[in-house]
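Shown next, in structure tokens, is the structure this report addresses.
Every number in this text was worked out from the coordinates using simple rules, so none of it is lab data. Remember, predicted model here, so these are calculated numbers, not experimental data. Cβ sites come from the backbone with ideal geometry, for glycine too, and all protein chains shown count toward neighbours.
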Amino acid sequence: MTQRRAFLSATTALAASVALPTLAQAPAWPTRPIKYICPWPAGGSTDAVIRALAESAGKTLGQTIIVENKPGAGGMLGAIEMLSAKPDGYTLTQIPHGVFRIPHMQKVAYDPLKDFTWIACLTGYTFGLVVPSDSPIKSIKDLVAYAKANPEKFTYGSTGTGTSPHLAVEEFAQRAGIKLTHVPFKGNADNMQAILGGHVMGASDATGWGPHVESGKLRLLATYGSNRTKRWPNVPTLNELGYKTVSDSPFGVCGPKGMDPAVVATLHEAFRRTLNDPAVLTSFEKYDQSVIYMNTSQYTRFARETFEAEKATIERLGLTNKG
């Protein structure tokens, strides 16, 4: 019996010595590059910010985060890709605010409350309405007067139907009692090319227009935040002008449904740390974006509450149409 116990003990020890190296060698996640989809064109303000976030988070994770641009469909192509992406954390996306309102406007393939993992919210846009510097329209008051005298003659570009820059102007127009003509583009870069080329009379967008305002090519009529911006303190908000229109569209990083909570936690921490990175904060400042941080549970709750709030907005604007 003594020999048997000794044999079993030795066998167990040998098995353990073989198994332990295997456990110790289990690779930590991530083990390969991660794809982070930017559902807007390269060269735009969102693209620049996402690239700064990706580079910073990649340093924390010890892996490259590759930004892939997929513009079109009002910024929804990243969300659509999440429906078929493996929930392994290697495919991520920015999901813009439109994901909460477009389902109330038309039939879509996704359910924003069931099909995504809301990992972390990081920032939000400053939106504004710009016109060429040589435009006779020098203020929102001028725009309202022009539009009342010339219904549907004022054309403005946005980053797509159902996006925040589109809906904010539609809400303002409804409250002002005017009718404008909307021209959708794939993103900020296309929208800026259109207004600088004289193809539209105005543009509603995030602050990709900032450099053009500063160079004197464009005039900023109003911004859409709760307060005036630091960079353009003399420009009023639509809200203070009495049009009850506020929009900032928080965003961050999302993945497909069914992700491993441990991977979600790792990604959350890596992207949370980007908010302490001077390079990231510089990119925010360049495009007048503030830190709007929400952890995974807060971001998930925000998605649920915003989905319901957008339903009310779409119904009020009379844009409900699911075909």
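Mean residue ellipticity at 222 nm from the helices of the chain, using -39,500 (n - 2.57) per DSSP H segment of n ≥ 4 over the full residue count, to the nearest 500 deg cm²/dmol?
-12500 deg cm²/dmol
Looking at segment 127-243, what % of its DSSP beta bridges pair antiparallel, to the nearest 5?
Counting DSSP beta bridges with both partners in segment 127-243, the antiparallel share is about 55 percent.
Among Lys59, Lys114, which comes first, second and so on when ranked by fewest other beta-carbon atoms within 10 Å?
The most exposed by this proxy come first: Lys114, Lys59.
On a 31 Å Cα-Cα criterion, which of the cross-link pairs Lys107/Lys244; Lys186/Lys244; Lys148/Lys244; Lys138/Lys286; Lys70/Lys148; Lys70/Lys107 come out too long?
Where the Cα-Cα span goes over 31 Å, the pairs concerned are Lys70/Lys148.
Of all DSSP beta bridges in the chain, what percent run antiparallel (nearest 5)?
Restricted to the chain, the bridges split so that about 55 percent are antiparallel.
How tilted is helix 45-61 with respect to the longest principal axis of the chain? Cα atoms for both, answer in degrees (0 to 90, nearest 10).
20
May I ask you to order 48-58, 273-283 by the average number of other C-beta atoms within 10 Å around their residues, highest value first?
Packing order, densest peptide first, comes out as 48-58, 273-283.
Using the 10 angstrom Cβ neighbour count as an exposure proxy, how do Cys121, Cys38 rank, fewest first?
Ordered by Cβ neighbours within 10 Å, fewest first: Cys121, Cys38.
Using a 10 Å cut-off around each Cβ, can you sort Ser297, Ser204, Ser45 from fewest to most neighbouring Cβ atoms?
Ordered from fewest to most neighbouring Cβ atoms within 10 Å, Ser297, Ser204, Ser45 come out as Ser297, Ser45, Ser204.
May I ask you to evaluate 6.51 cos²θ - 1.76 cosθ + 1.60, the Karplus curve with θ = phi - 60°, for each residue of segment 193-201 and list the ³J(HN,Hα) values in order in whole Hz, giving x for glycine and proline?
Listing the rounded values in order: 4, 5, 6, 5, x, x, 8, 9, 8 Hz.
Determine which aspartates and glutamates satisfy two conditions relative to Lys59: a Cα distance under 15 Å, and not lying fewer than 8 residues away in the same chain.
Glu269, Asp277
Can you give me the long-range amide H partners of Val67? Hydrogens built in the peptide plane at 1.01 Å from N, cutoff under 5 Å, separation of 5 or more residues or another chain.
Distant-sequence amide H within range of Val67: Tyr36.
With no solvent and one point on each alpha carbon, what is the Debye value of log10 I(q)/I(0) for the chain at q = 0.07, 0.08, 0.09, 0.13 Å⁻¹?
Here log10 of I(q) over I(0) equals -0.33, -0.41, -0.49, -0.93.
Mind computing the radius of gyration and Dmax over the alpha-carbon atoms of segment 182-315? Å is fine for both.
When restricted to Cα atoms, segment 182-315 yields Rg and Dmax of 17.6, 51 Å.
In degrees between 0 and 90, to the nearest 10, how far off the longest principal axis of the chain does helix 296-317 point, with axes built from Cα atoms?
30
With viscosity set to 0.692 mPa s at 37 °C, what whole-number translational diffusion coefficient in µm²/s follows for segment 127-243 from Stokes-Einstein and a Kirkwood radius over Cα pairs?
237
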